[in-house]
Every structure is written in C-alpha cells, then in structure tokens.
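Report on the following structure.
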Amino acid sequence: MPARRHALLVLAALFGLALASLIVSLAAGSLSASLTDVFGALTGRSEGIAVEIIRGLRLPRALAAFACGGLLALAGALMQVLLRNPLADPYVLGISGGAAVGALSAMLAGLALAFINLFAFAGAFTAMLVVFGLAHGDNSWTQTRLLLTGVIVASGCGAVVALILSVAPEARLRGMLFWLMGDAGHASNPWPALVVLAVGIAATLPFARELNLLARGDTLAHALGVSVRRVKYGVYFLAALFTAAAVTTAGSIGFIGLVVPHLVRLAMMKLGWGNDQRLLLPASALAGGSLLVLADTLARTVVAPQQLPVGILTALIGVPVFLFLLGRQSGSRQ
C-alpha cells in the first residue's frame, strides 16, 4: 500500500508539472499574457488580442507538443523493453524515415498541409509494415534481426530524403528542413495525437505485468505464462503507431524517446521502485510531454520573433544529459 501511494504521488506531481508547463507555454511569447488572460482564454470568459492568440495559436501548439512528447517517450519506453536495449528509441526501426519520405514528397509536389500529414502517416505505416515483414521472415523474430532490419530501412529512407532535398526548389527547402528538425508550429489540430496518447496509455497499462517479465528475458516470461510472441507483436505495433502519430503531427523530434525513459527509470531506481512498467509508462508519457512543451516554448521565445525548430533544442538538451547518464553508469560499474 505505501508503494502504491508513493507511485500515485509521483504521477500526481508529474501531472502538476504537465499543467505548469502548459500554463507557461500559453503565457510566454512575443506578446506576454497574464495568468488572468490564460485562465480567461481557457474558460471562455475573457476577450482581447492576448486571449485570441492563446486560443488560436498557443493552445493548439502546446497541446500538440505535449501529445508528441508523450507519444515519443511512451514509444521509447516500449522499444527499450522490446529490444532489451537501453539505447533503443522510437526512430530506431525506420518509422520516422518513412514518414520523412512521405512528408517531403508531398512538400515537393506542393500539396497542402493536410496531404503532407496524410503522406507522412502513410510513409510511417509503410515503413512499419516493411520492417515487420522483413524482420519476421520465416517466423523467426529476434531482437537483433528486428534492429538490423530497422537500421537498413532507415538508411534507405535517409538516402531517399537526401535525394528529395537535392532536387527540391530553394523556396521549399526551408519548410522541409524545419519538418526534418521538428516543428510544432504547423500542428493546427492536436486532438488526433492526444487521442492516440490517451488510448495508448490505456492500452499499455493492462500489459504492464507482461512487459515487466518480458524485460527479464523471453525464456523467463514464457515460463511464467506470458504469450511472448503476442506481446512482442502488440508492443511493436503500438510503439510504431505512437511514433507515426508523433512524427505526423510535429516532424522528427529527437532524443525525447531516448532520454526521458532513461531519466524516469533512473529516478525509479534511486527511489527503490525498480523497473516497474506500471509506473514507468505513464510517468514517461507525462515527463516527455512536459519536456517537449517547455522546449517548444523556448524554441519560439529565445530568439523571438524568430522561431527555432524544437528538435534543435531537444538535441542540445538531450546530448549532454545522455552523456552524463552514460558517465554515471560507467563510473558506478568500476
């Protein structure tokens, strides 16, 4: 009972952090808004330029950033269980590469934003099917085979992306580069990603016990009654779906799915809770969403009125944090 109470307190604290990050995102900008304006915009009781900016621009962008960050962190946690590799992230299986090929092809053709999102999701889904089909092969599916297949597919998609960039007119290159580096500014409709995030958390939590056992090895999980193949297929499909939804909404944003599950897992280890997926999955989603909202707020305010791709800031934050974590782990093993 005390452990459950502590877990609920942690989730409540992360939920409070998520709300605080959203409020900061709604208030910060070239035109600063007060807390009164923020709450007035959310409740519909106020009017004015600041309120219209909050409702029409900042709120959809902040919600989209939260949904994408949560989806990437959740997908990263699942991929690290599936591959039993702490370096696994949502992009390791080529899903983002397929989405990039689809989105950039639509941009090259001069299609509207709705078609760019549609092509991005179609590309991500196609890459998922290709990796799954090739890795599955003769019904033998190992972590190494899946990882190698994903790396090869990602390399092929990278070559196609380079080809598209080399033949694209200069007028469209900036938009393509912003998409590749991650940009939540074009996310006008965050609700599909939010729905996928909510449904994803609800779908993964019932299998948390199986994931705990799967993280300890296929043999032990099978001996304890886990349908290993079924769980692996489900984890792969959900992780790919979460990644596709996130990339379709805001482009390729790196390091969220790699660093956030590491930080949450490290905190859980320090608190003596181990690697319990029942807490790790929702905590990663909340922490990933909060981190991306804050990073996106910095991206549009640090050099305002110019806006930076949020993927640049997540990389600048993620690289030193991850190197620090690796240094601490290697030092603790000596």
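The values are calculated or read from the model by the stated rules, or taken from the named source; none is laboratory data. Because the structure is predicted, anything quoted here is derived from the model rather than measured. Backbone-built Cβ (ideal geometry, glycine too); neighbour counts: all protein chains shown.
Of the residues making up the stretch 271-317, just one is acidic (D, E) and either within 20 Å of L26 (Cβ to Cβ) or under 19 Å from the mean Cα position of the chain (by Cα) (or both), namely D296. Considering L11, L42, the condition of being outside any loop (DSSP other than H, G, I, E, B) and either closer than 21 Å to V196 by Cα or in contact with a Pro (Cβ under 8 Å, 6 or more places away or on another chain) (or both) is satisfied by L11 alone. For the stretch 14-39, the set of residues classified as hydrophobic (A, V, I, L, M, F, W, C) and not in a helix (DSSP H, G or I) consists of A28, L31, A33, listed by residue number. Among the residues making up the stretch 101-131, a single one is among the small types (G, A, S), closer than 19 Å to Y236 by Cβ and touching a residue at least 40 places away in the same chain (Cβ under 8 Å): A124. How many residues does the stretch 183-208 hold that are under 17 Å from R55 (Cα atoms), hydrophobic (A, V, I, L, M, F, W, C) and more than 14 Å from the chain's Cα centre (by Cα)? Within the stretch 183-208, residues that are under 17 Å from R55 (Cα atoms), hydrophobic (A, V, I, L, M, F, W, C) and more than 14 Å from the chain's Cα centre (by Cα) number 2. Of all residues in the stretch 27-85, those satisfying the criterion of being charged (D, E, K, R) and surrounded by 18 or more Cβ atoms within 10 Å (Cβ to Cβ) are D37, R58, R61. For T243, indicate whether it is hydroxyl-bearing (S, T, Y), farther than 18 Å from L63 by Cβ, touching a helix residue (DSSP H, G or I) at 6+ places or on another chain (Cβ under 7 Å) and in contact (Cβ under 8 Å) with a residue 24 or more places away in the chain. Against the criterion (hydroxyl-bearing (S, T, Y), farther than 18 Å from L63 by Cβ, touching a helix residue (DSSP H, G or I) at 6+ places or on another chain (Cβ under 7 Å) and in contact (Cβ under 8 Å) with a residue 24 or more places away in the chain), T243 qualifies. Of the residues contained in the stretch 92-104, none is found to be outside the structural domain of A33 (by TED's automatic domain parsing), surrounded by fewer than 21 Cβ atoms within 10 Å (Cβ to Cβ) and not in a helix (DSSP H, G or I).
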